[in-house]
Amino acid sequence: MFLQGSPSIERMCQFAAVSRRSFYRSLKERQPTEEEMEVRSAIQQIALEHRRRYGYRRITAELHRRGMQLDHKRAVRIMREDNLLAIQPKRFKITTNSNHKFEDDLNLASRMKLSGINQL
């Protein structure tokens, strides 16, 4: 990374009175570019237009139709960062089988005449 004879990162951090951790963190931090913000706002707009039913594949395809070139991995990353991943609707599951071979139980309580407490 550095040329021979130049001071190490640790030594440079000592000179600047900065910890190594903050030095490496500053390398990773960067301001989002205008193009990044444009893509992010387009993804948010598409996701909210379709009530968060579009996943990353459909959003990527929609962005391609709008003329923006990005891959699906970048779309997933941006959607995850903005908490815009698609909400999967739950399927309706039928739990009652009305076409069974057993006969219905009689409601014996409907025949009784109740005149006091704790008779049923």
* Asked: Tally Lys/Arg at +1 and Asp/Glu at -1 over every other residue whose Cβ is under 14 Å from the Cβ of Tyr54; what's the total?
  -> +4
* Over the chain, relative contact order from alpha-carbon pairs under 8 Å, at least 6 apart, % -> 17
* To do: Would you calculate a helix-derived [θ] at 222 nm for the chain, using -39,500 (n - 2.57) for each DSSP H run of n ≥ 4 and dividing by the full residue count, to the nearest 500?
  => -13000 deg cm²/dmol
* Structure fact -> Across Glu103, Glu35, Glu81, the residue with the highest GNM fluctuation in the chain (Cα network, 10 Å cutoff) is Glu103
* To do: Identify which of Arg40, Arg20, Arg53 has the largest mean-square fluctuation in a Gaussian network model of the chain, with springs joining Cα atoms closer than 10 Å.
  => Arg20
* Structure fact -> With 0.36 nm assigned to each residue of separation and the Cα-Cα distance removed, Asn97 to Phe15 gains 21.8 nm
* Efficiency of FRET between Arg25 and Glu49 - r from beta-carbon atoms, R0 25 angstrom, step 0.05 -> 0.10
* Points 7 angstrom from Cα along the Cβ direction at Leu85 and Thr33: gap in nanometres? -> 2.8
* Asked: Tell me, what % of the accessible area of the chain is carbon and sulfur with a 1.4 angstrom probe?
  -> 51
* To do: Please identify the longest segment of the chain free of exposed chymotrypsin sites (Phe, Trp or Tyr not before Pro), where exposed means a DSSP state other than H, G, I, E or B and no more than 12 other Cβ atoms within 10 Å.
  => 3-91
* Listed residues Arg65, Arg57, Arg11, most fluctuating in the chain (Gaussian network, C-alpha, under 10 Å) -> Arg11
* Asked: Where the centre of each part is set by its Cα atoms, how far does region 38-78 sit from region 89-111, in angstrom?
  -> 45
* Which entry in (i) 21.3; (ii) 15.2; (iii) 17.4 matches Kirkwood radius over Cα pairs in Å derived from the coordinates of this structure? -> (i)
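The values are calculated or read from the model by the stated rules, or taken from the named source; none is laboratory data. Since the structure is predicted, the reported quantities are computational estimates derived from the model, not experimental observations. Here Cβ is always computed from backbone atoms with ideal geometry, including for glycine, and neighbour counts include all displayed protein chains. Quick note on the areas: whole protein, heavy atoms, side chains included, nothing else; ligands and nucleic acids left out. Shrake-Rupley method; radii C 1.70, N 1.55, O 1.52, S 1.80 Å.
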